[in-house]
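Structure first, then comments.
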Amino acid sequence: MPMNHDAFIFDMDGTLWDAVDGYCDVWNATIEDFGLDCPRIDRDRLFTQMGKPLDAIMDALIPGDYDRGEFMRRMAVFEAEIVPRRGGVLYPRVREVLEELRRRGARICLVSNCGASGLRNFFDFTGLGELFDDSAAHGINGLSKADNIALVVRRNAFRTPVYVGDTQLDIDSAHEAGIPAVHAAYGFGSAEGADASIDSFDRLLEL
């Protein structure tokens, strides 16, 4: 796959950073506050669900009959409280590679299935917000990842963008949006059908 791209659109969790431990704290605080009788969410359980929209994760982790709208409302409160403090761990050389891509003339964007405050939490905790030209999230506009990728491409008039993500959903969503996809194989999931694969973030510069 030629890498002469005018834009790199990134997934967040499992591609740029690992914040699973903080997310577990959010889930467990919400479960306790809500009074649900269910097992605690640990890293292994949540890890397998990363990259999915919140409602799909709820179906997998805490199925049953309860007020999901109220659960998500309380979860948003705990996320806004916990994640900015707990944050996550950037994968090695993320800042350096993003800066180099910009130096080479590429635009940098972020598209995630995170909640309403997810992008802001990421930007605030990492200090990387200044490097991104645009972003979109399912938790903000309710759109699928494919639709949000297409939205970012369309409103920025990108000609040769590429999406970088770590799960099968990322690869499929990029292709559905009509752009090539790079699989971040160091992240949370395996994937088939990617146009290229990288085993560390800085490999983007070597393709």
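To the nearest 0.05, how large is the calculated FRET efficiency for Asp33 and Thr160 if R₀ is 35 Å and r is the Cβ-Cβ distance?
0.15
Roughly how many debye, to the nearest 20, is the charge dipole of the range 20-86 about its Cα centre, given +1 on each Lys and Arg Cβ, -1 on each Asp and Glu Cβ, and no other charges?
Its charge dipole is roughly 240 debye.
In the range 81-110, which residues have a backbone nitrogen under 18 Å from the label point lying 7 Å from Asp124's Cα in the Cα-to-Cβ direction?
81-90
What does the highest-first list of 34-40, 66-72, 131-137 look like by mean Cβ count within 10 Å?
Top to bottom by mean Cβ count within 10 Å: 131-137, 66-72, 34-40.
Where in the range 171-195 is the amide nitrogen less than 20 Å from a point lying 7 Å along the Cα-to-Cβ axis of Asn4?
Counting backbone N atoms under 20 Å from the label point, the list is 179-182, 195.
Any chance you could run the full-extension gain for Asp65 through Asn141? It's 0.36 nm times the residue separation minus the Cα-Cα distance, nm to one decimal.
Separation in residues times 0.36 nm, less the Cα-Cα distance, equals 24.8 nm.
Is there a quick way to get the dipole size of the chain? I mean about its Cα centre, with the Cβ of Lys and Arg at +1 and of Asp and Glu at -1; what is the value in debye to the nearest 20?
Roughly 620 debye, rounded to the nearest 20.
Give the distance, in whole Å, between the Cα centre of the range 138-207 and the Cα centre of the range 9-44.
23 Å
Pull up all non-local amide H partners of Arg107: gap of 5 or more, or a different chain, and H-to-H distance under 5 Å with H placed in the peptide plane.
Ala7, Phe8
Can you pull the one-decimal nm distance between simple spin-label points at Val89 and Glu206, each 7 Å off the Cα toward Cβ?
Simple spin-label model gives 2.1 nm for this pair.
Quick one: compute the contact order of the range 1-144, relative version, from alpha carbon pairs under 8 angstrom and 6+ residues apart, as a percent.
33 percent
Report the calculated FRET efficiency for Arg102 and Glu192 (r = Cβ-Cβ distance, R0 = 30 Å), to the nearest 0.05.
0.45
Laboratory data are not the source of any read-out in this text; all were calculated from the coordinates shown. None of the values given here were measured: they were computed from a predicted structure. Here the Cβ is made from the backbone with ideal geometry for all residues, glycine too, and neighbour counts use every protein chain on show.
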